[in-house]
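Notes follow once the structure below has been shown.
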């Protein structure tokens, strides 16, 4: 399945990247990282990766998420995940990434918590 990315901005400084398909090593990982890099250039405060329509991730995808987290933190922003279920949720728990990143049931919940904390 082709990886599809759709970016929205529910409020100023917040971007949701809806990812659809499978994230595998190589071009898929680079696309996700490039998308987050564009958000950093645009001075986004909070990047939410919505994984609710992602069917599979591999270890390279986990590495890409960590790189995105590091880049966002280094630029003064935050990165969180939303909609993780099934294999995606299990992979995050196995790698303990769920202890490092905030994970929300939905992108809307992540955006709401961020606006409440501001």
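The values are calculated or read from the model by the stated rules, or taken from the named source; none is laboratory data. Not measured: the values here are computed from a predicted model. Quick reminder, even Gly has a Cβ in these numbers, built from the backbone with ideal geometry, and neighbours come from all protein chains shown.
Here are a few things to note about the model shown:
- Residues of segment 67-86 that turn out to be over 21 Å from residue 44 (Cα atoms) and exposed (fewer than 14 other Cβ atoms within 10 Å of the Cβ), as a count: 2
- Restricting segment 14-28 to residues that are outside any strand (DSSP E or B) and under 15 Å from the mean Cα position of the chain (by Cα), the residue that is surrounded by the most Cβ atoms within 10 Å (Cβ to Cβ): 28
- Every test in (1) in contact (Cβ under 8 Å) with a residue 12 or more places away in the chain; (2) more than 15 Å from the chain's Cα centre (by Cα); (3) farther than 21 Å from residue 42 by Cβ is passed by residue 115 save one, and that test is (3).
- Residue check, residue 56 in contact with a strand residue (DSSP E or B) (Cβ under 6 Å, 6 or more places away or on another chain), modelled with pLDDT under 95, farther than 14 Å from residue 18 by Cβ and surrounded by 15 or more Cβ atoms within 10 Å (Cβ to Cβ): no
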